[in-house]
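A quick write-up on the structure given underneath.
Please treat every number below as a calculation from the coordinates, not as lab data. Owing to the predicted nature of the structure, the values given are computational and were not obtained by experimental measurement. All Cβ positions, even for glycine, are placed from backbone atoms using ideal geometry, and neighbour counts span all protein chains on display.
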Amino acid sequence: MYVEGACLTVSLQGLRNQLRDDPSFLPPYARILGLCETPFSELGAKERALVRELQDIGPFSFFADQRMRSVFGFGMHQGIRNTSASGDCAANTQNRVFWVVTPDRRIQAVWNFPLIIDANFVEFGRVIRALKTTYGLPLATPANWTDGADLLILPSLSDTEAQQRYGRFKKVLSYFRQVPVDQVLKARTPKNDAQNSVDE
């Protein structure tokens, strides 16, 4: 996750509140990186306190990238690069980016949102819970899915295989089948996940 310096306090507060309210917001392997143009020692007292608090709550690292080299190197910036001697890119920064990358280095989700608004951590949490629930399984979440709602069985899985894996499911159409999330959680073990993983 890239946290832009101009809205650092608001972004860090939103992240802190989300992690407090829902500790399962992040998968166990998750790491958060806060990139800012301002070195930690030059941040205000409030920002420094938030960074320390986030480091206590979860796997949060803060990195001062004054010339924004990492941001441009990873393609996280949509604006025109400022080539001034000061290296100040704040005037050209147009958006912020939030990535979800799996341990096997696959990008599962990307958010781009304008710098002038705060990150919607409630929406981040909803999407991350959906990704965690279906990770490595032949399942998908419908639009506006909420935690605990039914999941969709991918057409690549036959009815017989779906019955063996998850037991009961609702067949709306031949290609549209729903399974309760509790059935998936019952069947989900590390051993089964390894066997059931689907190559994309």
Self-check item: Nonlocal amide H pairs with Val101, under 5 Å, H built at 1.01 Å
Solution: Gln108
Quiz item: Going by the alpha-carbon gyration tensor, a ≥ b ≥ c the square roots of its eigenvalues, is the stretch 136-196 rounded (a/c under 1.5) or, if a/c is not under 1.5, prolate (a/b greater than b/c) versus oblate?
Solution: oblate
Quiz item: Listed highest first by mean packing, meaning other Cβ atoms within 10 Å per residue, what order do 39-45, 103-109 come in?
Solution: 39-45, 103-109
